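The values are calculated or read from the model by the stated rules, or taken from the named source; none is laboratory data. Everything quoted here is computed from the prediction, not taken from an experiment. When we count neighbours, we look across all protein chains shown, and the Cβ atoms used for this are built from the backbone with ideal geometry, even at glycine.
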Amino acid sequence: MKIVLNKDTMKIEKEQDVVPFRNRVKEYAVKIGMSLVNQTKLITAASELVRNMLKYANGGVVLIEVISQGRDNGIRLTFQDKGPGIGDIALAMKDGYSSGKSLGIGLPGAKRLVNEFDIKSIVGEGTTVTIIKWKNG
Amino acid sequence: MKTDISKLLQKKRKQILETWMTIQLSDESLRDNLMSNEDLQEQSNELLDELLGTLNDKNIKDSGSADFDRVREVLSGISISRARQGYTPRDTGFYVFSLKDALLQTLQQEIKDDPEFLFQTSVYLNKLMDAFGITTFETFIQGREDVILRQTSEIAEISTPVIRVWDGILALPIIGTLDSARTQVVMENLLQEIVESGSTIAILDISGVPAVDSLVAQHLIKTVSATKLMGAECIISGIRPEIAQTVVHLGIDLSHVVTKATMASALRYAFNVMRLEIKKIQKEKADN
């Protein structure tokens, strides 16, 4: 059972929004007492996903939530865009694959950095990625 | 009875200006430290001249009319200069809207016997002045944005200094996020400096980079490759423990790049490569 303690949304429209967004996520992570390593992991994963959103879907909305499950607190980020969508999610999650010109480790890398990772995409409608990083995860 | 509105206003020009100045000066938020009253009077005079000079029975109904181009120009000039001088949008907005008050007051005094005409003219004037108000805000924001843009490019320039730490060794501390535009500046500065100084080793210090994601890593790798092509060796230093863990989890391969935890160890490595040695000098005994 995950209980949402705090909610916040942020619109991402241009590259300049990335740094303020990361700072906001960091603020929440600090507030729940996340360790520096986990903070950095969460921020890096968030940064990957938000850059994907900008690159492929021209931006979107991110929902930042502080959640609690039992004794553990964590941050859940939901990235929603109305971009072209991902046709083959399994391929997109493979290391080294990129439909753009990047390193191709954004999605699989982000998955390795967080505790829970969920991706849903409908071609032509958009993509939703949800990640959770627990405080002591 | 039909009064010619533009003639009427022309005739009352002096009175309008006086009323306008009184309203402006009576406002508590007037910033007389930014502009003297004489300058304000002159500025107001110029704007009023332009406005009353163009206003006629036809274009009063059409705030988008090309007749007002000159007025808008003067207005834009005023609000841009005000934005740069540090006026708040409220001050500038008040400046235009107080002119509206002055005009309406004058109309009220002059057209007492024809309420319908007074009402009609007031509505037109209101619309016209509102449109001018919007123009003011647009240009005010434009002026502020120009300031921000200038500062952004200034920051980009000063934030990537290339330091000659030793003969043949360059250091480049990077602070903040590395985006594509910044990488370009960093790379250009670094490569240029390598040529100019004939350096063989460059140290990129990322202690000040808050997070290294795949894009930042990609930019770093590109910079390292470009340095190698120039015949110099590139060391990345300032890798903090949490950054190291993140990079590993993310799956970025930096194994072909020389990386060090601190600038000091990068420098020691550089000295080693250049076969330099640093020694503590033994002081010769004075009594010998």
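Which residue is surrounded by the most Cβ atoms within 10 Å (Cβ to Cβ), if the candidates are limited to the range A:91-119 and must be closer than 23 Å to A:Lys135 by Cβ and facing chain B (nearest Cβ under 7 Å)? Out of the qualifying residues, it is A:Leu113. For the structure I just gave you, tell me whether B:Ala102 is outside any loop (DSSP other than H, G, I, E, B), modelled with pLDDT of 85 or more and surrounded by 19 or more Cβ atoms within 10 Å (Cβ to Cβ). Spelling it out, B:Ala102 is indeed outside any loop (DSSP other than H, G, I, E, B), modelled with pLDDT of 85 or more and surrounded by 19 or more Cβ atoms within 10 Å (Cβ to Cβ).
Considering each residue of the range B:154-175, count those that are loosely packed, with under 14 Cβ neighbours inside 10 Å and assigned to a loop (DSSP other than H, G, I, E, B), and give that number. Matching residues across the range B:154-175 total 2.
Within the range B:186-205, not a single residue is within 14 Å of chain A (Cβ to nearest Cβ), of a type outside the set (Phe, Trp, Tyr) and surrounded by 14 or more Cβ atoms within 10 Å (Cβ to Cβ).
Each residue in the range A:82-127 was checked for being touching a residue at least 24 places away in the same chain (Cβ under 8 Å) and on the phi > 0 side of the Ramachandran plot, and 3 of them qualify. Since B:Asp69 meets every condition but one in (1) in contact (Cβ under 8 Å) with a residue 12 or more places away in the chain; (2) surrounded by fewer than 18 Cβ atoms within 10 Å (Cβ to Cβ); (3) out of contact with any Asp or Glu (no Cβ under 7 Å at 6 or more places or on another chain), which condition does it not meet? Tallying (1) in contact (Cβ under 8 Å) with a residue 12 or more places away in the chain; (2) surrounded by fewer than 18 Cβ atoms within 10 Å (Cβ to Cβ); (3) out of contact with any Asp or Glu (no Cβ under 7 Å at 6 or more places or on another chain), B:Asp69 fails exactly one: (1). When the residues of the range B:225-248 are filtered to those that are in contact (Cβ under 8 Å) with a residue 12 or more places away in the chain and of a type in the set (Val, Ile, Thr), which remaining residue is nearest to the other protein chains (Cβ to nearest Cβ)? Ranking the qualifying residues of the range B:225-248, first place goes to B:Thr246. Would you check if B:Lys222 is surrounded by fewer than 19 Cβ atoms within 10 Å (Cβ to Cβ), assigned to a helix (DSSP H, G or I) and more than 14 Å from chain A (Cβ to nearest Cβ)? Considered against the rule, which asks whether it is surrounded by fewer than 19 Cβ atoms within 10 Å (Cβ to Cβ), assigned to a helix (DSSP H, G or I) and more than 14 Å from chain A (Cβ to nearest Cβ), B:Lys222 comes out as no. Among the residues of the range B:120-152, those that are of a type in the set (Gly, Ala, Ser) and in contact (Cβ under 8 Å) with a residue 24 or more places away in the chain comprise B:Ala131, B:Gly133, B:Gly143. Taken as a whole, the condition of being farther than 30 Å from A:Tyr97 by Cα and among the polar types (S, T, N, Q) applies to B:Gln282.
Under 26 Å from A:Asn136 (Cα atoms) and either modelled with pLDDT of 90 or more or within 14 Å of chain B (Cβ to nearest Cβ) (or both): which single residue out of A:Gly74, A:Gly70 fits that description? Spell out how you get there, then give the answer.
Values: A:Gly70 fails: either modelled with pLDDT of 90 or more or within 14 Å of chain B (Cβ to nearest Cβ) (or both).
Answer to the check: A:Gly74.
Condition first: part of a helix (DSSP H, G or I) and within 22 Å of A:Val19 (Cα to Cα). Now tell me which residues in the range B:194-219 satisfy that. Even if it seems obvious, please write down each step before you answer.
Taking the range B:194-219 as the starting set, the residues that turn out to be part of a helix (DSSP H, G or I) are B:194-197, B:214-219.
Those that are part of a helix (DSSP H, G or I) and within 22 Å of A:Val19 (Cα to Cα): B:Ser214, B:Leu215, B:Val216, B:Ala217, B:Gln218, B:His219.
Please go through the range A:57-74 and give me each residue that is of a type in the set (A, V, I, L, M, F, W, C) and over 13 Å from the mean Cα position of the chain (by Cα), ordered by number. Step through it out loud before you land on a result.
Keep residues of the range A:57-74 that are of a type in the set (A, V, I, L, M, F, W, C), which gives A:57, A:61-64, A:66-67.
A:Ala57, A:Val66, A:Ile67 - these are the residues of the range A:57-74 that are of a type in the set (A, V, I, L, M, F, W, C) and over 13 Å from the mean Cα position of the chain (by Cα).
Among residues of the range A:1-27 that are more than 12 Å from chain B (Cβ to nearest Cβ), those with a Cβ under 7 angstrom from a residue that is surrounded by 15 or more Cβ atoms within 10 Å (Cβ to Cβ) and of a type in the set (Gly, Ala, Ser), sequence gap 6+ or separate chain, pair up as A:Ile3/A:Ser68; A:Leu5/A:Ser68; A:Ile12/A:Gly59; A:Ile12/A:Gly60; A:Glu13/A:Gly59.
Scanning for something in the same structural domain as B:Phe132 (by TED's automatic domain parsing), more than 30 Å from B:Glu145 (Cα to Cα) and in contact (Cβ under 8 Å) with a residue 12 or more places away in the chain, does the range B:28-45 turn up at least one residue? So that I can check it myself, show each step before the final result.
Going residue by residue through the range B:28-45, those that are in the same structural domain as B:Phe132 (by TED's automatic domain parsing) are B:28-45.
After this cut, where a residue has to be more than 30 Å from B:Glu145 (Cα to Cα) as well, the list is none.
No, every residue in the range B:28-45 fails to be in the same structural domain as B:Phe132 (by TED's automatic domain parsing), more than 30 Å from B:Glu145 (Cα to Cα) and in contact (Cβ under 8 Å) with a residue 12 or more places away in the chain.
Residues that are within 9 Å of chain B (Cβ to nearest Cβ), touching a residue at least 40 places away in the same chain (Cβ under 8 Å) and buried (at least 22 other Cβ atoms within 10 Å of the Cβ) within the range A:31-45 comprise A:Asn38, A:Lys41, A:Thr44, A:Ala45, listed in sequence order.
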